[in-house]
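K.L.:
A single structure is presented below for examination.
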Amino acid sequence: MKKLSINPETTLIIPLCKVTGGKRIKRTVVREEKDGRGRVIDAEVTTEIDDVVERRTAEAFYHAQVYILRKHAQHTELGYLTDHEGVKAIAAGMRPLVEEVEGFNLHARTCQVDFGVVPVEIAVQLGAPAARALAREIRSELEALRDAFRAGDPSAVRAVILRTPNLAALAVGVQAESITFALDEARDKLTELKGRIREGAKASTAGAEIDISMIEAGIGMFSTKDDAARGAA
C-alpha cells in the first residue's frame, strides 16, 4: 500500500444536535437475590415521555441532521469527515431547518433541540496513525463490497453503496480515483447481479461469476503485505 495521501481539504464535522428534556427512563428492581456467583437482579425499564408529539418532532430534527451528515460526509473511526464542497453542502442542507428549530424551541413546553455543526479543518494535523486508520476504513468498506458480491447478496451490496457516497473524499489523486472506480463498478454490477439471480442463478454462483476487478484493485491500493497474507490464509 502506498502511504495514504490525505485530502488537504479534509474537515472534521462535529455535530452539536441533541434533544434534551421531556423523556425519562426509569429502572425498577423487581427481584434481587444472591447466588454462588454474586447478585442476580431483575429490573423493569420504562420510558416516560411528557409529550409524545413534541418529543417525536424534536427527534425528527435530530435525525434530519444525521441524514444530512451521512449524505455529505463519510462517517469514520475519527468522526464525520468531508472536503470543502461537503462542508458547503452540509451548511446548505441544514440552513432551511435552522428557522424551524428556532420556532420549535420557542414554543416547545417539554423539550429543546440543539442544532448545528462545527467544521474543523484537520488535514494538516493528521499524522501517520490517522492516515492508517483512514486507509483501514476505506479498505474495510471495499472488502465489504467484494464479500457482498461474492456471496451474491444484493442487499448487502446496496447497503455498502449507500453508506459510502463520500468515501473518495478521504483521499486524493489516483487513490481517490481507485475508490470512485470501485464504487461506480459496484453500482453497475449490482444491476447485473440482480438480473442473474432473477434468471434463476444461485446467489453465490451469480456473485462469483461477476467481474469486480475495480473493487479488487481498490482493495489492493489500500492493503499492506500483512493484509494480503491474512487474506491468503
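K.L.:
Among G116, G173, G152, which is of a type outside the set (D, E, K, R) and either touching a strand residue (DSSP E or B) at 6+ places or on another chain (Cβ under 9 Å) or on the phi < 0 side of the Ramachandran plot (or both)?
P.N.:
Criteria check complete, one pass: G116.
K.L.:
Look at segment 160-211 and say how many of its residues are part of a helix (DSSP H, G or I) and over 26 Å from L134 (Cα atoms).
P.N.:
Matching residues across segment 160-211 total 14.
K.L.:
What number of residues within segment 198-220 satisfy the criterion of being crowded, with 17+ Cβ neighbours inside 10 Å and either more than 19 Å from A182 (Cβ to Cβ) or aromatic (F, W, Y) (or both)?
P.N.:
Within segment 198-220, residues that are crowded, with 17+ Cβ neighbours inside 10 Å and either more than 19 Å from A182 (Cβ to Cβ) or aromatic (F, W, Y) (or both) number 1.
K.L.:
Mind listing whichever residues of segment 65-94 are of a type outside the set (F, W, Y), closer than 30 Å to R24 by Cα and surrounded by 17 or more Cβ atoms within 10 Å (Cβ to Cβ)?
P.N.:
Within segment 65-94, Q65, I68, L69, M94 qualify.
K.L.:
Moving on. Could you go through segment 132-153 and let me know if any residue there is of a type in the set (D, E, K, R), modelled with pLDDT under 85 and not assigned by TED's automatic domain parsing to the domain that holds G21.
P.N.:
Looking for residues that are of a type in the set (D, E, K, R), modelled with pLDDT under 85 and not assigned by TED's automatic domain parsing to the domain that holds G21, one finds at least one in segment 132-153, hence yes.
K.L.:
Among the residues of segment 69-125, count how many are under 17 Å from the mean Cα position of the chain (by Cα), of a type in the set (S, T, N, Q) and either part of a helix (DSSP H, G or I) or over 30 Å from K23 (Cβ atoms) (or both).
P.N.:
Total meeting the criteria: 2.
K.L.:
Of all the residues that make up segment 169-197, how many are closer than 15 Å to A144 by Cα and crowded, with 17+ Cβ neighbours inside 10 Å?
P.N.:
7
K.L.:
With respect to the numbered conditions (1) in a helix (DSSP H, G or I); (2) farther than 30 Å from L134 by Cα, which one is the sole condition not fulfilled by D42?
P.N.:
With respect to (1) in a helix (DSSP H, G or I); (2) farther than 30 Å from L134 by Cα, D42 is out only on (1).
K.L.:
Now for a different question. Let me confirm something: among V29, V19, V52, which residue is at pLDDT below 80 and not aromatic (F, W, Y)?
P.N.:
The conditions single out V29.
K.L.:
Out of curiosity, is E185 closer than 25 Å to T82 by Cβ and touching a residue at least 40 places away in the same chain (Cβ under 8 Å)?
P.N.:
So E185 fails the test.
The values are calculated or read from the model by the stated rules, or taken from the named source; none is laboratory data. Fair warning: this is a prediction, and the values are worked out from it, not measured in the lab. Reconstructed Cβ throughout: ideal geometry from the backbone, glycine too, with neighbour counts over all protein chains shown.
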